[in-house]
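Have a look at the structure below before the remarks.
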Amino acid sequence: MNRCYRACVILICLLLTGAAGAQPAAPFEGQPGKDVVWIPSPRDMVEKMLDMARVTPQDYVIDLGSGDGRNVIAAAKRGARALGVEYDPGLVEVSRRNAAAAGVADKASFVQNDMFEADISQATVMILFLIPDNLRKLATKFRALKPGTRIVSNTYDIAGWYPEATDRTAPCLSWCIATLYVVPAEVAGAWRLPDAELTLEQDMQLVFGTYETSGIAVRLEGGRLNGNEIRFTLNGVAYEGRITGDRMEGIAKGRTTHTWSATRVP
């Protein structure tokens, strides 16, 4: 092997070694990504979203397109377990370093993955900053989450969903409006009560339907879901209950108060 060839081989090895050991470049606002450019949520907006979701140490928070990890790290600082899903491997490494520096590496974890392929089924809270097209593509996965799961979106709405609350940081110039959604239970269909049948229709957390007994049907009024909790009014009687699988039960308040229960008709 001549000296020139050996020198070239050594130089290439040194370059490769240096590249392998190099730290990822610092992320920058507007950085191109797989599905969208990266723009981080302002720090005060991160805290606003976590406040709206009422994140506690019992929660498992997931952020899709987690960037530099700020949403995940902020959730972990509140004691929650949190996961960031990010396609850019450099940003994943930046996030892990940031979590370690913040002292929450035991609660904040990050994976390099496509957000559309990620398993989010165990989330109790989603903290997101995604464009409408991304949210639209993910809406089916959101709908399959456990009832009561809170989703907070920075700036952009989830098409076809109705918000539970909207708030903003001040002063509000950009990226400062947060919207809270709560995944509702599935209640559409027929439910049997001891002496009647309840037929429900559903548009997300809005509930419509009829209560039929002895051939007389009465329309529900004010039907609404909040996760597994349901409320509606029949003939001036206010029903409140909780759905557990194929059963719902609760309290009805009118001139008197009594318990009620219903079972889903197969």
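Close amide-amide hydrogen proximity is noted between R81 and D59, V61, each under 5 Å apart and 5 or more residues distant or on a separate chain (H modeled in the peptide plane; Pro and chain starts excluded). When you count the other C-beta atoms within 10 angstrom of each residue and take the mean per peptide, 139-149, 197-207, 164-174, 247-257 line up highest first as 197-207, 139-149, 247-257, 164-174. Note on Y162 and T140: with the Förster distance fixed at 22 Å, the Cβ-Cβ geometry gives a FRET efficiency of about 0.85. The number of Lys pairs in the chain with C-alpha atoms less than 19 Å apart, excluding pairs fewer than 8 positions apart on the same chain, is 4. 3J(HN,Hα) along the range 64-79: 9, x, 7, x, 7, x, 5, 5, 5, 5, 5, 5, 5, 5, 8, x Hz, from the Karplus curve 6.51 cos²θ - 1.76 cosθ + 1.60 with θ = phi - 60°, whole Hz, x for Gly and Pro.
Peptides 216-226, 117-127 ordered by packing proxy, namely the average of other Cβ atoms within 10 Å per residue, highest first: 117-127, 216-226. Spin-label pair F208-R97: with each label point 7 Å from Cα along the Cα-Cβ axis, the two points sit 5.6 nm from one another.
Per-residue Karplus couplings for the range 243-252, computed as 6.51 cos²θ - 1.76 cosθ + 1.60 with θ equal to phi - 60°, are listed in order as 9, 10, x, 9, 9, 10, 7, x, 10, 10 Hz, Gly and Pro entered as x.
For the chain, the relative contact order comes to 12 percent (Cα pairs under 8 Å, sequence separation of at least 6).
Between E240 and A188, full extension at 0.36 nm per residue minus the direct alpha carbon distance yields a gain of 17.1 nm. Simple point charges give the picture: +1 on the Cβ of Lys and Arg, -1 on the Cβ of Asp and Glu, and for the chain a dipole about the Cα centre of about 600 debye.
Among F208, F110, F129, a tally of other beta-carbon atoms within 10 Å of each Cβ gives an order, fewest to most, of F208, F110, F129. Near V207, the amide H atoms lying under 5 Å from its own belong to G223, R224, L225; only residues 5 or more places off or on other chains count, and H is placed 1.01 Å from N. Over the chain, dividing the summed -39,500 (n - 2.57) contributions of all DSSP H runs of at least 4 residues by the number of residues returns a 222 nm mean residue ellipticity of -7500 deg cm²/dmol. Between F116 and H258, the FRET efficiency from the beta-carbon distance, with R0 = 51 Å, is close to 0.60. Shown in residue order for the range 257-264 are the 3J(HN,Hα) couplings computed by the Karplus curve 6.51 cos²θ - 1.76 cosθ + 1.60 at θ = phi - 60°: 10, 8, 7, 9, 8, 8, 10, 5 Hz (x for Gly and Pro).
Throughout, read-outs are computed from the coordinates displayed, never taken from laboratory work. Everything numeric here is computed off the predicted structure, so don't read it as measured data. Glycine gets a Cβ as well: all are built from the backbone with ideal geometry, and neighbour counts include every protein chain shown.
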